[in-house]
Amino acid sequence: MKKLLALCILSFCIGIAAYADDVDMPSTGDLWDNWGASQTYYGQDKSVSDEDFDKAIESLKDKKNKWTNRFKKWQIPKGEEFHQGNETEVINQNDESKKDDTHPVVSIPVELQIADSILPVGHYQIQAEKDGNEVFLKFYQSQYLMAQVPAIETDDDFGEDTITFAKWIPEGDNKIKLIFGSMDLNAYTYINIKE
């Protein structure tokens with residue numbers, strides 16, 4: 001038991017001496033003394049200059065571009081791409097009368113009962129059309145006519161700040177009032193909400 005205790009104390013003392021910084025044993029010492037003495041990391045004898053580094057990067061870019069060029073041969077060709085520059089040119093080439101032909105968009109948050117059909121929830125572009133004495137409001141999504149509702153023409157601009165507008169106003173619990181205004185005419189209509 002005494003031998004075991006002596007062995008433990010001896011290993012403890014050797015361990016303390018190995019970790020101590022100020023002990024002048026050959027196995028220990030200050031590791032910062034040798035810092036910066038040798039810059040030969042990874043087997044290099046000299047340091048790499050900026051020019052050598054740039055040359056190596058350029059050679060790798062050329063190799064990468066060689067592979068991307070091979071893949072471009074197999075890609076399916078795309079149509080003409082529109083960027084901000086040529087997209088703006090296309091818009092500017094349009095006729096001035098077409099620029100003023102904008103129609104307002106209204107968001108309908110409830111399903112509407114129009115005659116025997118139901119107009120679903122969505123965003124609709126509203127256009128007004130006058131046929132003789134009758135006025136119709138047409139609901140479009142994209143180029144598709146979704147619904148057509150008879151309306152009443154008026155000179156009232158409904159207190160709106162803009163000339164072209166479309167807006168819905170709740171009228172009780174089961175109806176909405178849809179108001180429309182443009183350069184040509186102002187109109188309104190009442191539409192039932194689907195129950």
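The values are calculated or read from the model by the stated rules, or taken from the named source; none is laboratory data. The model shown is predicted, which means the values in this text are computed figures rather than measured ones. For neighbour counting, all protein chains shown are included, and Cβ atoms are generated from backbone atoms with ideal geometry for every residue, glycine included. The protein model used for the area step is the full one, side chains on, heavy atoms only, and it has no ligands, DNA or RNA in it. Shrake-Rupley method; radii C 1.70, N 1.55, O 1.52, S 1.80 Å.
Taking amide H as placed 1.01 Å from N in the peptide plane, HIS103 has no amide H partner under 5 Å among residues 5 or more places away or on another chain. Carbon-plus-sulfur fraction of the accessible area of the range 97-165, 1.4 Å probe, in percent? C and S fraction of accessible area: 46 percent. Peptide packing for 155-166, 124-135 was compared via the average number of neighbouring C-beta atoms within 10 Å per residue; ordered from the highest value, the list is 124-135, 155-166. Enter the accessible area of LEU145 (Å², nearest 10), with the probe set to 1.4 Å and all protein chains included. Counting only protein heavy atoms, the figure is 90 Å². At the residue level, VAL121 shows approximately 90 square angstrom of accessible surface with a 1.4 angstrom probe and all protein chains present. Put SER47, SER182, SER11 in order of accessible area, highest first, and with a 1.4 Å probe you get SER47, SER11, SER182.
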